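Written out below as structure tokens is the structure these notes cover.
Each value in this text was obtained by applying a stated rule to the coordinates, not by laboratory testing. Values in this document were obtained by computation on a predicted structure and should not be read as measured data. Glycine gets a Cβ as well: all are built from the backbone with ideal geometry, and neighbour counts include every protein chain shown.
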Amino acid sequence: MSAATTRSRTPDRLCAEAVDLARTAAEEAAAPGVVGEHSGLVSEGDRVVTHFFECKELGYRGWRWAVTVARASRAKFVTLDEVVLLPGPDALLAPEWVPWSERLRPGDMGPGDLLPTDAEDLRLEPGYTGEDEPLPSSPVSEEMAELVEAEDAEVTSGGPATLPVVPARGSIAAVAEELGMRRARVLSRYGLHIAADRWEESYGAKTPMAQAAPASCVSCGFLVPIGGSLGQAFGICANEFAPADGRLVSLSYGCGGHSEAAVMPAPPRPAPPVIDETTVDPFPLRPARDSGSVPDVSDEDAAELGHS
């Protein structure tokens with residue numbers, strides 16, 4: 001270990017004793033009453049010392065006022081370098097900054113918001129841009145174009161008399177735009193897969209609604225089929241009473257609004273009671289002797305027993 005390193009780790013005596021100077025500087029920089037007790041010092045180099053004071057300001061728990069003082073060589077006076085508020089070992093810090101592209105969640109966009117996509121977004125891949133070189137024998141190749149310019153002629157499949165319209169020099173880009181293929185980027189297989197997984201999680205076979213459904217959407221009359229490769233696994237629900245109305249649903253999804261759901265039969269209604277008001281039903285005051293509800297005894301025996 002060199003002598004310079006040893007001197008830099010040993011606090012200068014005059015700088016270490018300049019606690020009052022450091023406190024005064026901290027109180028001038030901070031609000032009144034937020035500078036606490038002296039909590040230590042550290043040597044920053046030859047005749048350079050930083051004093052720490054507790055911070056009592058609300059919301060800065062564990063932070064410290066750091067006041068750096070220094071002394072010139074062979075000088076007897078200590079001067080002030082800087083005053084800053086620094087976090088301590090147990091300071092309450094803000095969470096680590098996260099880029100907006102990683103903080104964004106589905107549903108965060110509002111009217112007027114713009115969401116630019118990264119040039120290297122894995123969900124997209126280059127579409128047709130017209131940069132592909134056509135075949136050498138193609139009418140729009142560079143060789144054929146130079147020949148046409150030199151001969152002042154049109155490259156056609158026949159004579160001008162056999163053509164229904166005036167021949168014009170076309171391009172692959174024009175044909176691609178006519179077919180609806182003139183997009184700078186299209187959905188990649190990765191973007192297609194993560195989108196399908198997201199939709200399957202929201203409206204798929206593992207949802208509680210689908211588990212309790214009488215049948216899946218593949219047999220529902222309210223399912224609107226879609227084209228492309230997604231049509232093999234998804235469709236659009238068109239049942240206004242279904243929870244997924246207007247949304248892309250998996251063919252294995254289902255709900256109680258299935259078009260072929262079993263209809264519960266109505267319970268049979270009991271027949272109305274029939275009361276005959278033209279006759280009188282006799283009701284005996286005493287039960288018959290052969291009914292078994294009372295013992296078969298004579299009137300004399302019943303009188304001795306106290307029966308009426």
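If you place +1 on the Cβ of every Lys and Arg and -1 on the Cβ of every Asp and Glu, how big does the dipole about the Cα centre of the stretch 76-121 come out, in debye to the nearest 20?
Computed charge dipole of the stretch 76-121: roughly 300 debye.
Can you list which of the GluC sites (Glu not before Pro) found in the stretch 178-241 are DSSP loop residues with at most 12 other C-beta atoms within 10 Å?
Those that pass, being in a loop and sparsely packed, are Glu240.
Under the rule of at least 5 residues apart or a separate chain, name every residue whose amide H is placed under 5 Å from the amide H of Asp12.
Hits under the 5 Å cutoff: Arg47, Val48.
Label Ala233 and Ser219 with points 7 Å out from Cα along Cα→Cβ: what is the distance between them in nm?
Computed distance between label sites Ala233 and Ser219 equals 2.3 nm.
Between Asp20 and Ala205, what is the label-point separation in nm under the 7 Å Cα-to-beta-carbon projection?
Here the modelled spin labels are 8.4 nm apart.
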